[in-house]
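Undergrad: Here it is, the structure, as structure tokens.
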Number of protein chains: 2
Amino acid sequence: MNRSVSPAELAQFLFAPRSLAIVGQSNDAGKTAGRPLKYLRQAGYAGRLYPINPARDTVLGERAWPSLAALPEVPEHVYVVAPTDPSVEAVAEAGRLGVKVATLLADGFAEAGPQGDTRVTKLRTICAETGIRVVGPSSLGVVDLRSKALITANAAFDEAELPAGRIFAASHSGSMIGALLSRGKARGIGFAGLVSVGNEVDLSLGEICTLTLDDPDIDGYMLFLETMRNTAALRRFAITAAERGKPILAYKLGRSAAARELAVTHTGALAGEDDIAEAFLAACGIARADTLDGLIEGLPLLQRVPVANITRRMAVGVVTTTGGGATTAIDPLAMRGITIAPPSTETLARLKAAGIDIKPARLVDLTLTGTRYDVMKAALDILTTAPEFDLILCVVGSSARFYPELAVRPIVDSAGAGKPIAAYLVPEAPQALAMLSRAGVPNFRTPEACADAIAAALRRRTPVPVSSWPGSSRPTTTSLSSEQQDVDARHKAGHDAGRLIDELEAYELLKKHGLPCAPSLALDASIATAPALPFAYPVVVKALSTELAHKSDAGGVMLNITDGVALVAACQRIRENVAAHGHNITRVLVQPMLAGVGEVLIGYRVHPDVGPLIMVAMGGVFTEIYRDRSLRLAPADLAAAHEMIAEVRGLATLKGFRGKPAGDLDALARAIVALSRLAEDPRVLEAEINPLIVQTEGVAAVDAVVRLA
Amino acid sequence: MNRSVSPAELAQFLFAPRSLAIVGQSNDAGKTAGRPLKYLRQAGYAGRLYPINPARDTVLGERAWPSLAALPEVPEHVYVVAPTDPSVEAVAEAGRLGVKVATLLADGFAEAGPQGDTRVTKLRTICAETGIRVVGPSSLGVVDLRSKALITANAAFDEAELPAGRIFAASHSGSMIGALLSRGKARGIGFAGLVSVGNEVDLSLGEICTLTLDDPDIDGYMLFLETMRNTAALRRFAITAAERGKPILAYKLGRSAAARELAVTHTGALAGEDDIAEAFLAACGIARADTLDGLIEGLPLLQRVPVANITRRMAVGVVTTTGGGATTAIDPLAMRGITIAPPSTETLARLKAAGIDIKPARLVDLTLTGTRYDVMKAALDILTTAPEFDLILCVVGSSARFYPELAVRPIVDSAGAGKPIAAYLVPEAPQALAMLSRAGVPNFRTPEACADAIAAALRRRTPVPVSSWPGSSRPTTTSLSSEQQDVDARHKAGHDAGRLIDELEAYELLKKHGLPCAPSLALDASIATAPALPFAYPVVVKALSTELAHKSDAGGVMLNITDGVALVAACQRIRENVAAHGHNITRVLVQPMLAGVGEVLIGYRVHPDVGPLIMVAMGGVFTEIYRDRSLRLAPADLAAAHEMIAEVRGLATLKGFRGKPAGDLDALARAIVALSRLAEDPRVLEAEINPLIVQTEGVAAVDAVVRLA
């Protein structure tokens, strides 16, 4: 019905429309629906502006139009600030008229139960039938500070002066774009644009950000995420941004169960466990900030530490005029696992030669040398050329407040050094912070935001390119709306979708993927004499059935069977046990009893939000209690597998702990990689090996559950 | 030689001296030693001021005096800003002249190795011989903003306007008093005084704060702690402050091992593990902030939540105009274990009756109702009278920046409500924050500081009174310097001080203190026939010796001995095993094999920094890996013991986990209390029961190590 627009056109209509209608514009600038016109005029938006209000001739002193149809042209962008149901009608009318993009303020959709679901369906139908693209609903707007298109009802944009910067911000929360803007302004952090993506019924956060990737005036991205939604588009955006060298820093709500629960009621979105979101963001090369100020203040640092320069072991050197003040930043850095490196003997010697005679310690503490320009400058010259450091953190004490020339100016004068410098000023020192910002030195107002941003910057990895991730075969022109519908459907189907295969079939499938499995033999469960076994006694005998997910609980497992007579008896006993639980089995599985240094659980599943995932965990009760597991998006490579092993704290017991022999962690890593490669087999929904026995040489699966689509 | 002064006199000399000499005052106000005179004059200090500089007639345009002896009077306070060794001489001279208190800037003492130790000894001798009291060394000064006694070299005090407030701050770090002052000023948080206590060679942080407890213009305390030092004085101060209703909020460095290591090199102090500091502060009723802004912004909240009102289960209600913004505060609150309570059905009904129709959720989200004064005020009126909440957190979105009348004013107008309200404003909103501060509403600039302060406020407990803690029999007039020397000596003696008693004696001692122990029988290790046992087989046989700390490692333990013949063989075998490790034993210990639901480790020790401690932990490898333990100062009461059990995550396995029977946690709690009461027995340095078997009814110690003084 409606020719589709190119991404470049869509971007222009969204962010720099030459004509803009505001449906539902109120005459009361104090009301939410009264704000957009006020802010647009205040900012000096130069496009043609059409306030639409059928009840009035004028709004805020301007001519008001009765309807979209009555306008002298089809506007490039329509901001709908009317109530819920009239809003849907307005989008439908806009679509019919050939409008290409609408931003929708109203709520009452994804978060509003069955009635809301009906509205979502209606909106999606309008989009599909007319080709109009929608931002929202529940969007507080789209803002471009270059074009002065302040298409927003967010009260924080009632701002006299809004200088444009080079960051683009996207947020699930509408209020937060006001927080990012205003807090950023106070810190000299400026934005090219900001978008409140709302419920993403049509255009997703990832898609909208992708539209800005060709913008040469955008250097980096700040994301405020409430949920993991439309992850395919987000990942595609992130990977492309990484290819363009544009860093992304995200704050993701939901570390706590309480916050995840709220995300569901507040946004109508699904909420996964936090370590899944963490694994997803890491795989996308998106840095994650834990603190709000870390998000706002962190991007300049990410830009100074390109992801390509990051190795697995980055070391921070710290120089300070205040030992106590510096330690307030070192403490949270160390808690985040960041290495604070002491200066090398050679660096100490160079410092001494420059008159800076300090004690060997993890900190270059200039307190005793005196707070002087020449001392700090000489120290920075030496530290920024010392090979043991990848980043220098400079912490300045009380002098920063009134005497920035002493210890802050030398940082400014070292801004072009070969190594990135971050600065944290211990006192309240707005002038000195502004001086640092002007010089492009990443600077922080709290030790926690400083540590948070440094950790976020140093922990990121180059994401794997789009071409090599599962699902990339899917045509990229797929509508993301339908992609999202797929995800919803998969989620609603739940974890019990698909069908279990029996343990023997599971081993066959796993062996094909290169996983070492214990030798297995299926026997008729009603044998009267034991056959010769291809392996030695003692053995374990297990009920073989796809019905019995928890065969131990049903008495379906007998260990340490030492001879043929006991084997026959075990078969009989298992048949009786599982029959008592209402199951009839015809076969049992026999395996040798394998001993090892320890046991782990490795699992694969297709997660409804983020797709294929691989997990390593300590099996049993301690995983449940200590949440001791490591996750990655699948497939994972050998380096990632080794990282995962290092992240599971309990696996320290397999490294030759307390005199025990060490387990074969290389074989474990290979098994993790092999299991993660199930991502290449679309039939497999889930596969869990619990336990995988880790031996001094090799590993072996001794139980497996596999679920196919 | 010198009459000692009363605490009230000492306080006056310290904070409001009528005469003050500055030894080493430089003529260059840009130098550290040039600052004190400048800041004192700038602030309008009204006392008699004597700059001392033997090399000059004038400094900074004032008459300079050649020496303390040349002054026309004995000054009440001397600030020594000279280099290290001349400083010691100046203190000695001041002492001889009858000066009562000196503050000492120089470093080169506790942190400076053997040469520094010699200087420390010299200073202490001067104090002991002359009666002069010393703040420092390494003190950046003592500041009283009422008397304008800015006795400091901290550059942040070069401040035109320094209004006095009602908080007293004490810091191990000198730079941090400048940070607290300047950051506090920017937040409307004012100080009565601040002190940089330096190395506490004489006057300790706790003693200095104690001197201010009678000051009616001081309402609360802010502490910046780098180490746990002089803990007896700190605890005494804290308990007295609690009795006076003056809250204390502390920031303590050293959550990370890296920071603890730095504290040692930086301050020459000892550094214990962080959970020990945490237990100590909690026992003192000192709230602990994790973030620097939480420290600076948190005291007003502590004042609104008196410790006497705090129960074990405090619930926070959250009301907001921004769901996403509120969740940024809820996430860190929930991660700190704070309960965010949903409104009750009754409260929801009251809200609905007031026109606020919200979905039942953990958050009172007014987004859909609109950001209006009447809505927020009505919501606050209802929430502050709802019995399910102990504190209301109000999170205001973008409107706070330019329209504080909408949702911030109603908070101000509810400041006198029956329940404390805390406010976090999501955008940058300095005017609204100032409005809240003026109204006395605790307000926060970041969600993390907000959550941190709320958690710190709600987690504190009334400390046990001085009279009931061990060591209170010690006369309170004891010089704290010598107390500290005792601690140092104990620490240097290390954990191996004292003497082990054998396992049988250990059980005797523990049983006397009410701890259930497994029945035990000592036998001659060279028996040829087994005697009748007072308990049934199977039994365990163990080498009985005070020499063998790790008897299992030496083959000194044999389990599951089923009859007399095996018992005799086991005795023989154990003798041989331990002989092969170089030990000769004459006796073994025999105990029945006890089964239980699980095993725990409980331990008692006299810690060199904080005194008697009780610990509960999962035994074995998982304690080492997951650091899963809970600590309290000893003695602990039954309520504390139950809290400790709840804090050890692994003990979930004893609560009827996965169908297993539940262990007798009441008996475990009684055992913890009993072990903690060893604090009343000064002979015992350390006692560890590992494991204590937890049965379905009762508990029993099956191994014990006790070390006596």
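Undergrad: Out of region B:141-152, which residues are surrounded by fewer than 24 Cβ atoms within 10 Å (Cβ to Cβ) and among the hydrophobic types (A, V, I, L, M, F, W, C)? Break it down into steps so the answer makes sense when it comes.
TA: First pass over region B:141-152, keeping only residues surrounded by fewer than 24 Cβ atoms within 10 Å (Cβ to Cβ): B:145-148.
Result: B:Leu145, single match.
Undergrad: Residue by residue through region A:383-409, note down the ones that are over 33 Å from the mean Cα position of the chain (by Cα) and surrounded by fewer than 24 Cβ atoms within 10 Å (Cβ to Cβ).
TA: If the condition is that a residue be over 33 Å from the mean Cα position of the chain (by Cα) and surrounded by fewer than 24 Cβ atoms within 10 Å (Cβ to Cβ), then A:Thr385, A:Ala386, A:Phe402, A:Tyr403, A:Pro404, A:Glu405, A:Leu406, A:Arg409 are the ones that fit.
Undergrad: Within region B:328-339, work out how many residues are at the interface with chain A (Cβ under 7 Å from one of its Cβ atoms) and under 24 Å from the mean Cα position of the chain (by Cα). Before you say what the answer is, go through the steps one by one.
TA: From region B:328-339, those at the interface with chain A (Cβ under 7 Å from one of its Cβ atoms) are B:328, B:330-331, B:334-335; that's our starting set.
Narrowing further to those that are under 24 Å from the mean Cα position of the chain (by Cα): B:334-335.
Going through region B:328-339 one residue at a time, the tally reaches 2.
Undergrad: Does any residue of region A:371-380 turn out to be farther than 20 Å from A:Val305 by Cα and modelled with pLDDT under 95?
TA: First pass over region A:371-380, keeping only residues farther than 20 Å from A:Val305 by Cα: A:371-379.
Adding the requirement that they be modelled with pLDDT under 95 leaves A:371-372.
So far as region A:371-380 goes, yes, one or more of its residues are farther than 20 Å from A:Val305 by Cα and modelled with pLDDT under 95.
Undergrad: Kindly establish whether B:Pro360 is within 13 Å of chain A (Cβ to nearest Cβ) and either at pLDDT below 95 or over 30 Å from A:Gly34 (Cβ atoms) (or both). First the steps, then the outcome.
TA: Details: within 13 Å of chain A (Cβ to nearest Cβ): yes; either at pLDDT below 95 or over 30 Å from A:Gly34 (Cβ atoms) (or both): yes.
For B:Pro360, the condition - within 13 Å of chain A (Cβ to nearest Cβ) and either at pLDDT below 95 or over 30 Å from A:Gly34 (Cβ atoms) (or both) - is met.
Undergrad: Residues that are modelled with pLDDT of 95 or more, within 11 Å of chain A (Cβ to nearest Cβ) and under 30 Å from B:Ala128 (Cβ atoms), at least 2 per element: which strands (runs of 3 or more DSSP E) completely within region B:175-272 meet that? Outline the logic, then answer.
TA: Numbers: elements: B:191-196, B:220-225, B:248-252.
By residue number, B:220-225.
Undergrad: Same structure again: Run B:Asp374 past the list (1) under 18 Å from B:Ser414 (Cβ atoms); (2) in contact with a strand residue (DSSP E or B) (Cβ under 9 Å, 6 or more places away or on another chain); (3) more than 10 Å from every other protein chain (Cβ to nearest Cβ) and report the number of the one that doesn't hold.
TA: Only one criterion in (1) under 18 Å from B:Ser414 (Cβ atoms); (2) in contact with a strand residue (DSSP E or B) (Cβ under 9 Å, 6 or more places away or on another chain); (3) more than 10 Å from every other protein chain (Cβ to nearest Cβ) is unmet by B:Asp374, namely (2).
Undergrad: Could you list, in sequence order, all residues of region B:646-670 that are in a strand (DSSP E or B) and closer than 20 Å to A:Thr623 by Cβ? I'd like the intermediate steps shown before the answer.
TA: Step one: filter region B:646-670 for residues in a strand (DSSP E or B), giving B:655, B:662.
B:Lys655 - this is the single residue of region B:646-670 that is in a strand (DSSP E or B) and closer than 20 Å to A:Thr623 by Cβ.
Undergrad: Taking the options A:Ala687, A:Ala669, A:Ala646, A:Ala700, name whichever one is within 14 Å of chain B (Cβ to nearest Cβ) and either under 25 Å from A:Cys284 (Cα atoms) or modelled with pLDDT of 95 or more (or both). Break it down into steps so the answer makes sense when it comes.
TA: On the way: A:Ala687 fails: within 14 Å of chain B (Cβ to nearest Cβ); A:Ala669 fails: within 14 Å of chain B (Cβ to nearest Cβ); A:Ala700 fails: within 14 Å of chain B (Cβ to nearest Cβ).
Exactly one of A:Ala687, A:Ala669, A:Ala646, A:Ala700 is within 14 Å of chain B (Cβ to nearest Cβ) and either under 25 Å from A:Cys284 (Cα atoms) or modelled with pLDDT of 95 or more (or both), namely A:Ala646.
Undergrad: Do we have A:Ala378 as part of a helix (DSSP H, G or I), without any contact (Cβ under 8 Å) to a residue 60 or more places away in the chain and of a type in the set (Gly, Ala, Ser) here?
TA: The answer is yes for A:Ala378.
Undergrad: So, B:Leu14, is that one closer than 18 Å to B:Ser196 by Cβ and either hydrophobic (A, V, I, L, M, F, W, C) or assigned to a helix (DSSP H, G or I) (or both) or not? Working first, answer last.
TA: Working: closer than 18 Å to B:Ser196 by Cβ: yes; either hydrophobic (A, V, I, L, M, F, W, C) or assigned to a helix (DSSP H, G or I) (or both): yes.
Considered against the rule, which asks whether it is closer than 18 Å to B:Ser196 by Cβ and either hydrophobic (A, V, I, L, M, F, W, C) or assigned to a helix (DSSP H, G or I) (or both), B:Leu14 comes out as yes.
Undergrad: Kindly check whether there is at least one residue in region B:440-458 that is part of a loop (DSSP other than H, G, I, E, B), more than 14 Å from chain A (Cβ to nearest Cβ) and surrounded by fewer than 20 Cβ atoms within 10 Å (Cβ to Cβ).
TA: As a first pass, look at region B:440-458 and keep what is part of a loop (DSSP other than H, G, I, E, B): B:440-442, B:445-446.
Going one step further and asking which of them are more than 14 Å from chain A (Cβ to nearest Cβ), we end up with B:440-442.
With surrounded by fewer than 20 Cβ atoms within 10 Å (Cβ to Cβ) added as a condition, the list becomes B:440.
Scanning region B:440-458 turns up at least one residue that is part of a loop (DSSP other than H, G, I, E, B), more than 14 Å from chain A (Cβ to nearest Cβ) and surrounded by fewer than 20 Cβ atoms within 10 Å (Cβ to Cβ).
Undergrad: Report the residue count in region A:649-662 for those that are of a type in the set (Gly, Ala, Ser), on the phi < 0 side of the Ramachandran plot, in contact with a strand residue (DSSP E or B) (Cβ under 9 Å, 6 or more places away or on another chain) and within 14 Å of chain B (Cβ to nearest Cβ).
TA: First pass over region A:649-662, keeping only residues of a type in the set (Gly, Ala, Ser): A:650, A:652, A:656, A:659, A:662.
When the remaining residues are screened for being on the phi < 0 side of the Ramachandran plot, the result is A:650, A:652, A:662.
Right, trim to in contact with a strand residue (DSSP E or B) (Cβ under 9 Å, 6 or more places away or on another chain) and you get A:650, A:662.
Of the ones still in play, those that are also within 14 Å of chain B (Cβ to nearest Cβ) are A:650.
Of the residues in region A:649-662, 1 are of a type in the set (Gly, Ala, Ser), on the phi < 0 side of the Ramachandran plot, in contact with a strand residue (DSSP E or B) (Cβ under 9 Å, 6 or more places away or on another chain) and within 14 Å of chain B (Cβ to nearest Cβ).
Undergrad: Step by step: first the residues of region A:647-660, then only those that are under 30 Å from B:His550 (Cα atoms) and touching a residue at least 12 places away in the same chain (Cβ under 8 Å), then the one that is surrounded by the fewest Cβ atoms within 10 Å (Cβ to Cβ). Which residue is that?
TA: If we filter region A:647-660 for residues that are under 30 Å from B:His550 (Cα atoms), which is where we start, we get A:648-660.
Pick out the ones that are also touching a residue at least 12 places away in the same chain (Cβ under 8 Å) and you get A:648-651, A:653-654, A:660.
Values: A:Val648: 20, A:Arg649: 17, A:Gly650: 22, A:Leu651: 24, A:Thr653: 19, A:Leu654: 23, A:Lys660: 14.
The qualifying residue surrounded by the fewest Cβ atoms within 10 Å (Cβ to Cβ) is A:Lys660.
Undergrad: Here's something else I'd like to know. Return a yes/no flag: does region B:82-98 have any residue that is under 14 Å from B:Asn27 (Cβ atoms) and in contact with a Pro (Cβ under 8 Å, 6 or more places away or on another chain).
TA: Within region B:82-98, not a single residue is under 14 Å from B:Asn27 (Cβ atoms) and in contact with a Pro (Cβ under 8 Å, 6 or more places away or on another chain).
Undergrad: Still on this structure, please answer the following. May I ask you to list the residues in region A:619-633 that are touching a Phe, Trp or Tyr at 6+ places or on another chain (Cβ under 6 Å) and among the hydrophobic types (A, V, I, L, M, F, W, C)?
TA: Result: no residue meets the conditions.
Undergrad: Additional query: Just for region B:138-155: of the residues that are among the aliphatic types (A, V, I, L, M) and farther than 11 Å from B:Ser196 by Cβ, which one is modelled with the lowest pLDDT?
TA: Taking region B:138-155 as the starting set, the residues that turn out to be among the aliphatic types (A, V, I, L, M) are B:140, B:142-143, B:145, B:149-151, B:153, B:155.
When the remaining residues are screened for being farther than 11 Å from B:Ser196 by Cβ, the result is B:145, B:149-150, B:155.
Details: B:Leu145: 97, B:Ala149: 97, B:Leu150: 97, B:Ala155: 92.
Only one residue fits best here, namely B:Ala155.
Undergrad: Looking at B:Ser67 and the list (1) touching a residue at least 12 places away in the same chain (Cβ under 8 Å); (2) within 30 Å of B:Leu213 (Cβ to Cβ); (3) small (Gly, Ala, Ser), which single condition is not satisfied?
TA: Here B:Ser67 meets the rest and fails (2).
Undergrad: Given the criteria touching a Ser or Thr at 6+ places or on another chain (Cβ under 9 Å) and within 14 Å of chain A (Cβ to nearest Cβ), does B:Arg629 qualify? Break it down stepwise before answering.
TA: On the way: touching a Ser or Thr at 6+ places or on another chain (Cβ under 9 Å): yes; within 14 Å of chain A (Cβ to nearest Cβ): yes.
Answer is yes for this residue.
Undergrad: Looking only at region A:121-139, decide whether some residue is of a type in the set (S, T, N, Q), within 14 Å of chain B (Cβ to nearest Cβ), surrounded by 22 or more Cβ atoms within 10 Å (Cβ to Cβ) and out of contact with any helix residue (DSSP H, G or I) (no Cβ under 6 Å at 6 or more places or on another chain). Steps first, please.
TA: Of all residues in region A:121-139, those of a type in the set (S, T, N, Q) come to A:121, A:125, A:130, A:138-139.
Now restrict to residues that are within 14 Å of chain B (Cβ to nearest Cβ): A:138-139.
Still in the running and surrounded by 22 or more Cβ atoms within 10 Å (Cβ to Cβ): A:138-139.
Restricting the remaining residues to those that are out of contact with any helix residue (DSSP H, G or I) (no Cβ under 6 Å at 6 or more places or on another chain) gives A:138-139.
The answer is yes, given that some residue of region A:121-139 is of a type in the set (S, T, N, Q), within 14 Å of chain B (Cβ to nearest Cβ), surrounded by 22 or more Cβ atoms within 10 Å (Cβ to Cβ) and out of contact with any helix residue (DSSP H, G or I) (no Cβ under 6 Å at 6 or more places or on another chain).
Undergrad: Does any residue of region A:112-119 turn out to be within 14 Å of chain B (Cβ to nearest Cβ) and of a type in the set (Ser, Thr, Tyr)?
TA: no
Undergrad: Can you find a residue that is surrounded by fewer than 20 Cβ atoms within 10 Å (Cβ to Cβ), away from chain B (no Cβ under 14 Å) and touching a residue at least 24 places away in the same chain (Cβ under 8 Å) anywhere in region A:314-327? Walk me through how you get there before you give the answer.
TA: Narrowing region A:314-327 to residues surrounded by fewer than 20 Cβ atoms within 10 Å (Cβ to Cβ): A:314-315.
Cutting the leftovers down to away from chain B (no Cβ under 14 Å) gives us A:314.
Checking the rest, the ones that are also touching a residue at least 24 places away in the same chain (Cβ under 8 Å) come to A:314.
Within region A:314-327, one or more residues are surrounded by fewer than 20 Cβ atoms within 10 Å (Cβ to Cβ), away from chain B (no Cβ under 14 Å) and touching a residue at least 24 places away in the same chain (Cβ under 8 Å).
Undergrad: Here's another thing I want to ask about it. Determine whether A:Ala156 is without any contact (Cβ under 8 Å) to a residue 60 or more places away in the chain, more than 22 Å from A:Phe13 (Cβ to Cβ) and either surrounded by fewer than 24 Cβ atoms within 10 Å (Cβ to Cβ) or more than 9 Å from chain B (Cβ to nearest Cβ) (or both).
TA: Values: without any contact (Cβ under 8 Å) to a residue 60 or more places away in the chain: yes; more than 22 Å from A:Phe13 (Cβ to Cβ): yes; either surrounded by fewer than 24 Cβ atoms within 10 Å (Cβ to Cβ) or more than 9 Å from chain B (Cβ to nearest Cβ) (or both): no.
When the stated conditions are applied, A:Ala156 does not pass them.
Undergrad: Still on this structure, I have one more. State whether one or more residues within region B:414-425 are crowded, with 24+ Cβ neighbours inside 10 Å, within 14 Å of chain A (Cβ to nearest Cβ) and hydroxyl-bearing (Ser, Thr, Tyr).
TA: yes
Undergrad: Follow-up. Just to check your reading of the model, which residue among A:Ala554, A:Ala506, A:Ala497, A:Ala543 is assigned to a strand (DSSP E or B) and in contact with a strand residue (DSSP E or B) (Cβ under 8 Å, 6 or more places away or on another chain)?
TA: Testing whether each residue is assigned to a strand (DSSP E or B) and in contact with a strand residue (DSSP E or B) (Cβ under 8 Å, 6 or more places away or on another chain) leaves just A:Ala543.
Undergrad: Output the residues belonging to region B:161-174 that are more than 10 Å from chain A (Cβ to nearest Cβ) and either touching a helix residue (DSSP H, G or I) at 6+ places or on another chain (Cβ under 6 Å) or touching a residue at least 24 places away in the same chain (Cβ under 8 Å) (or both). I'd like the intermediate steps shown before the answer.
TA: So in region B:161-174, the residues more than 10 Å from chain A (Cβ to nearest Cβ) come out as B:161-170.
Hits for region B:161-174 are B:Leu162, B:Pro163, B:Ala164, B:Gly165, B:Arg166, B:Ile167, B:Phe168, B:Ala169, B:Ala170.
The values are calculated or read from the model by the stated rules, or taken from the named source; none is laboratory data. Computed from a prediction, not measured in an experiment: that's the story for all the values here. All Cβ positions, even for glycine, are placed from backbone atoms using ideal geometry, and neighbour counts span all protein chains on display.
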